[in-house]
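The values are calculated or read from the model by the stated rules, or taken from the named source; none is laboratory data. These figures come from a predicted structure and were not determined experimentally. No Cβ is skipped: glycine too gets one built from the backbone with ideal geometry, and neighbour counts run over all protein chains shown. To get the accessible areas, we keep the full protein, side chains included, count just its heavy atoms, and leave off ligands, DNA and RNA. Shrake-Rupley method; radii C 1.70, N 1.55, O 1.52, S 1.80 Å.
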Amino acid sequence: MAVAAITPDYTGERLDRVENFHGNIVVYVGWDRHLMFCSPIAFATPPDTTFGKLQDEMIAGAYAQHPDFAKIDWEQVCWLLNGEPFTPDREATLAAQGVDHKSIIRMQTPGLEGIGGSHS
Amino acid sequence: MAARKLNLKERYSLLTRDLDWEYSYRDKKEIFPYEDFEGIKITDWSKWEDPFRLTMDAYWKYQAEKEKKLYAIFDAFAQNNGQQNVTDARYINAIKVFLTGVSPLEYQAYSGYAHVGRQFSGVGARTACQMQSIDELRHVQTQVHAMSHYNKFFDGFQDFSHMHDRVWYLSVPKSFFDDARSAGPFEFMVAISFSFEYVLTNLLFVPFMSGAAYNGDMATVTFGFSAQSDEARHMTLGLEVIKFLLEQHPDNVPIVQRWIDKWFWRGTRLLAIVAMMMDYMLPNRVMSWKEAWEVYFEEAGGALFKDLARYGIEMPKYAATAIAEKDHISHQTWSTFYNYGHAAAFHTWMPDEKEMDWLSEKYPDTFDKYYRPRFEHWREKEQAGERFYNPTLPMLCNTCQIPMGFTEMDDPSLIAYRQSVYQGERYNFCSDGCKDIFDHEPEKYVQSWLPVHQIYQGNCGGADIEKVLSEYYRINMGKDNLDFHGSPDEARWNAWHNLESAEERLKKAG
Ligand SMILES: [Fe+2]
Ligand SMILES: [Fe+2]
Ligand SMILES: [Zn+2]
């Protein structure tokens, strides 16, 4: 039983199915241990967005205000996709490397400890 | 023939139990179609003990007297320009949160109790719910009346019911009650009467009402007092429901336990906003959120669950997580609203030095380590004329709908991420509690109206965020939102009290 309902075999409308996003998918990006940005970010972007564009334009636009952002050594960044280690291909599209609708991309920047070392 | 005067007991029974009748030509299941589908077994409704012996005529008389007193005080408050006598205009923002976030829940409660007050086949339960329904309608009315006075002098009050239905952070309380009201009648009672009114309500009302008292807001204190005797009745109803369900049939125990687990968790998530109100929005602090939580949940709730153990009921499943969160939740929630202060219909600000010291003292294990450096950075930015606003839209939890700003309790600088895949689609959550709720009833929560996703789907007036905020949410941009410093609220307050703004003081000093 997927819900307690008075109607037999009740199913709910999937409000966030990918078809509702006008050709975009939702992708979440979080920067671990940098909580000045209170929560991960929700982006809506076409599935054929390249990872390079996500990194250089969308992520940079979002996090540029953080004093650690300019210090990121992008070679050293560890990425996670839906909790699993992930090696992104900058030239390939999100869809081609398994980043699907409502996926979570996390970036870890070892050595950068946030504001005053507080992980902010 | 002179009518014989009835004694109290007779009147009570005539005006409650005797309102029922035998159903002779319709099947009971047709008359009460909602009573079975949740799996709750009721073997004997006559075992229901009316939690309060109150007849309708006594009820009307008593409530009318309270109303008279209440409105006399509202009048006096208005005539004496009570709005000028609160501690500080920042305080008013707590009241904006209350009017947009909490008062509409009173209305939802009115509607929910009216529904279950029709659906139970036991007449005692029906009558109790109908009375509570009328109480709740009274609560929303008196709250709106009390706060309408502030609407004349401060921004952010004008469209509270419209905002409740649309604004991103108000989807948190709204969806909480939508969830309860769209559940079956027994779950509704365990959710609202027991888990919320009995277990958690003191954490909502005591902070707001004593916060009001500490900050010179007599209008709010008065409606609080006027609701208090109603709340006492609501709490006894909550306890009676639980005892009745548990005594009726052993098969009810696991169902009730699951509802308690769910609604305790949903309730603690909802209370995050009260936590930030207590620690950040009251110029005169009552006690810290952490202290309130210890008194009203850990002590009082602990005793209650010890008492319920004889029925086989245990502490709510994620109580340990909620207890650990008492050191973090207010700071994380205030951070979220500070991030998105441009998108809120109330003002945010950074605590001043004295207030930071108070937070350090109340939260010795966490504030200096995790939060103070962040807040000092934000304060420096503000002083440099670059007040920090987060330029993005946040990821939300699919269950509680709060931005994903809560962290792991064993590693408090790491956001807690949880994910489920249901029928090929990903769903994301802020906590084990929220994930469990989804996993148990996915067909309900696939329907979550998540404000950020709705914006991206184009359902909130298009892709221009300014327009979403100003036209779809009806936030008066530049007035209702942004930092308290520099707001028209602050300017008016300073003019009433002949105070200089922070900016003017800086200019003179420089
Ligand atoms: Fe109420
Ligand atoms: Fe109530
Ligand atoms: Zn959640």
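Available extension along the chain between B:Met477 and B:Tyr389 is 30.2 nm, counting 0.36 nm per residue and deducting the alpha carbon span.
A Förster radius of 30 Å combined with the Cβ-Cβ distance from B:Asp18 to B:Ala64 puts the calculated FRET efficiency at roughly 0.80.
Short-range pairs are left out: with C-alpha atoms under 8 Å and at least six residues apart, the relative contact order of region B:194-264 is 44 percent.
The residues of region A:22-117 expose on average 41 square angstrom of accessible surface per residue, using a 1.4 Å probe on protein heavy atoms. With the simple model of a label 7 Å out from the Cα in the direction of the Cβ, B:Glu298 to B:Ala320 spans 1.6 nm.
Shown for region B:391-457: the carbon plus sulfur share of the solvent-accessible area, taken with all protein chains present and a 1.4 angstrom probe, equals 48%. Accessible surface for chain B, divided over its residues, is 40 Å² per residue with a 1.4 Å probe.
To the nearest 0.05, what FRET efficiency results for B:Gln79 and B:Gln158 with a Förster distance of 25 Å applied to their C-beta separation?
Calculated transfer efficiency: 0.65.
With both labels modelled 7 Å from their Cα along Cα-to-Cβ, the B:Lys9 to A:Asn20 distance reads 5.8 nm. Between chain A and chain B, roughly 4400 Å² of accessible surface gets buried, counting both sides and using a 1.4 Å probe. If you wrap the tightest convex hull around every Cα atom of the protein assembly as shown and split its volume per residue, you get 168 Å³. Between 0 and 90 degrees, rounded to the nearest ten: what's the tilt of helix B:123-151 against the longest Cα principal axis of chain B? It works out to around 20 degrees. One chain, two ends: B:His145 and B:Ala309. Fully extended at 0.36 nm per residue, the span grows by 54.8 nm beyond their Cα-Cα distance.
Taking the longest Cα principal axis of chain B as reference, the axis of helix B:252-270 is set at about 20 degrees.
Ranking B:Trp60, B:Trp358 by solvent-accessible area of protein heavy atoms (1.4 Å probe, all protein chains present), from largest to smallest, gives B:Trp60, B:Trp358. Rounded to whole numbers, the Karplus 3J(HN,Hα) couplings from phi for region B:309-326 are 4, 5, 8, x, 8, 10, 3, x, 3, 9, 4, 5, 5, 4, 5, 5, 5, 4 Hz, using 6.51 cos²θ - 1.76 cosθ + 1.60 with θ = phi - 60°, and x at Gly and Pro.
Per the Debye formula on identical point scatterers at the alpha carbon atoms of region B:30-329, with no solvent, log10 I(q)/I(0) at q = 0.10, 0.11, 0.16 Å⁻¹ is -0.55, -0.67, -1.37. For a paramagnetic label modelled on A:Thr7 (point 7 Å from Cα along Cα→Cβ), amide N atoms under 20 Å away belong, within region B:188-203, to B:188. Rounded to the nearest 0.05, the FRET efficiency derived from the C-beta distance between B:Ala491 and B:Gln228 at R0 = 25 Å is 0.10. Derived scalar couplings between HN and Hα for region B:455-461 equal 4, 5, 7, x, 8, 10, x Hz in order, rounded to whole Hz, by the Karplus curve 6.51 cos²θ - 1.76 cosθ + 1.60 (θ = phi - 60°), x for Gly and Pro.
Modelled spin-label separation between B:Thr87 and B:Val421, with each label point placed 7 Å from Cα along the Cα-to-Cβ direction: 5.1 nm. In degrees from 0 to 90, rounded to the nearest 10, what is the angle of the helix B:329-339 Cα long axis to the longest principal axis of chain B? Helix B:329-339 sits roughly 50 degrees off the main axis of chain B. Could you pull out which residues in region A:6-29 have an amide N less than 20 Å from a spot 7 Å beyond the Cα of B:His115, following the Cα-Cβ vector? Residues passing the 20 Å test: A:6-15.
Peptide A:26-37 has a mean of 6 when you count, residue by residue, the C-beta atoms of other protein chains within 10 Å of its C-beta.
So for chain B, Kirkwood radius off the Cα pairs, Stokes-Einstein at 10 °C and 1.306 mPa s: how many µm² s⁻¹? Show your work: numbers first, answer last.
On the way: Rh = 24.4 Å.
For these conditions, the coefficient is 65 µm²/s.
Counting only DSSP beta bridges with both residues in chain B, the antiparallel share comes to about 90 percent. Each DSSP beta bridge with both residues in the protein assembly as shown is either parallel or antiparallel, and the antiparallel ones are about 80%. Take the solvent-accessible surface of the protein heavy atoms, probe 1.4 Å, and return the percent of it on region B:193-326 that carbon and sulfur atoms account for. Ligands and nucleic acids excluded, carbon and sulfur reach 59 percent. Secondary structure note: in region A:22-117, about 70% of the DSSP beta bridges are antiparallel.
Between B:Asp36 and B:His440, full extension at 0.36 nm per residue minus the direct alpha carbon distance yields a gain of 143.5 nm.
Summing +1 for each Lys or Arg and -1 for each Asp or Glu among the other residues whose beta-carbon sits under 12 angstrom from that of B:Thr55 gives +1.
Under 5 Å from the amide H of A:Gly30 lie the amide H atoms of A:Ile41, A:Ile105, A:Arg106, A:Met107, each residue being 5 or more positions distant or on a separate chain, with H modelled from the backbone and absent for Pro and chain starts.
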